[in-house]
1. Calculate the translational D of segment 75-122 in whole µm² s⁻¹ from Stokes-Einstein, where the hydrodynamic radius comes from the Kirkwood formula applied to all Cα pairs, the temperature is 4 °C and the viscosity 1.567 mPa s.
2. What trypsin sites (Lys or Arg not before Pro) in segment 239-322 are in a loop by DSSP, with at most 15 other Cβ atoms within 10 Å of the Cβ?
3. How big is the shadow of the Cα convex hull of segment 129-268, averaged over all directions, in nm²?
4. Using each residue's phi in segment 202-208, evaluate 6.51 cos²θ - 1.76 cosθ + 1.60 at θ = phi - 60° and report the 3J(HN,Hα) Karplus result to the nearest Hz, with x for Gly and Pro.
5. Report the label-to-label distance for Arg123 and Ser224 in nanometres (one decimal), using points 7 Å from each Cα along the Cα→Cβ vector.
6. Express in % the proportion of alpha carbon pairs of segment 56-321 at distances exceeding 26 Å.
7. Select from segment 71-108 those trypsin sites (Lys or Arg not before Pro) which occupy a DSSP coil region and have at most 14 other Cβ atoms within 10 Å, ordered by residue number.
8. For segment 200-322, with equal point scatterers placed on the C-alpha atoms only and solvent neglected, what are the log10 I(q)/I(0) values from the Debye formula at q = 0.14, 0.21 1/Å, to two decimals?
Amino acid sequence: MHSSLNWTSRLISRALRSSFSTLLETATGGGGGAAAKSGATKSGAAAGSSGCPRPRFVSVVCGFAKDNLRHKYKPGKYGEDSWFKASTESADVMGVADGVGGWRSYGIDPGEFSSFLMRTCERLVQCSHFNPQRPVNLLAYSYCELMEQKKPILGSSTACVLILNRETSTVHTANIGDSGFIVVRQGQVVHKSEEQQHYFNTPFQLSLPPPGHGPNVLSDSPESADTMSFPVRDGDVILIATDGVFDNVPEDLMLQVLSEVEGERDPVKLQMTANSLALMARTLSLNSEFLSPFALSARRNNIQARGGKPDDITVVLATVAM
């Protein structure tokens, strides 16, 4: 079974690698236009070339596993969620991934897939071909490496990667599924990701199913990730998180919490805010009477629901410092 899976997945990954190499060459040649959803790059480039201070992230992480008894703490993981942070001279990078829990009923650990993606993204940031304008490349090459493993890493995962290009003061994002990000400035949400769903509670996802399950398993290409580019300013607050946060914390409540740390550069104070937000998500997820964002979404799809949605929770919180 494993040899058959290896042969098939390697053929697919070679084809994907070929198409992503083309994307990389296009972006390196100064394009990157397909990834940008605003005309923000010009102003960011002007800031970098005029000798203004280069921005950086001050960032912290907090989270909870849905089942603390099943999942012992491991660096970079909260249950089936995974995350990473990395930096180079030209960029700061953050990402989260959420393993699809349904695979556990097939004897597959959903956390292995998401963890491999994030660990590989972290390593690729330090490689010579890293492009700080193309977070989708990190997802694409990480996915290709996963598919080429001799011992198959089966399962599925959503993912969101965000890069701060320090040369241009521009953030570039790639999001696949229902993890995501939100950017707060002067008490307002100025940018946020769009959730990608095939249908209710079925997000876009990168997948490697067991042999024989392929036709019945949703599997999206990294190219289908929703991408954005926009300039950032000193003091901006950026949250990147898994759906355990967005499904349980209403946006207005989230905005109140994030607005309190605009311009904050003290990592201790940021950590306290990240802890509060993660604990808030955890508490609301276990409240059976709370009309959560997830319950409201269910009702919009003619499904009667109430209460929070118990889930793994990952919060990566950053402010922009110049």
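1. Details: Rh = 11.2 Å.
Result for D is 116 µm²/s.
2. Details: sites: Arg265, Lys269, Arg282, Arg299, Arg300, Arg306; in loops: Arg265, Arg306.
Hits after loop and neighbour filter: Arg265, Arg306.
3. Values: hull surface 41.7 nm².
Averaged projected area of segment 129-268's Cα convex hull equals 10.4 nm².
4. Couplings: 10, x, 4, 7, 8, 9, 9 Hz.
5. 2.7 nm
6. Numbers: 13033 of 35245 pairs.
Result for the distance tail: 37 percent.
7. Passing sites in segment 71-108 are Lys72.
8. Log10 I(q)/I(0), no solvent term: -0.78, -1.17.
Read-outs throughout are calculated quantities, based only on the coordinates presented, and are distinct from any laboratory measurement. Not measured: the values here are computed from a predicted model. Methodologically, a virtual Cβ is constructed for each residue, glycine included, from the backbone with ideal geometry; neighbour enumeration extends over all protein chains shown.
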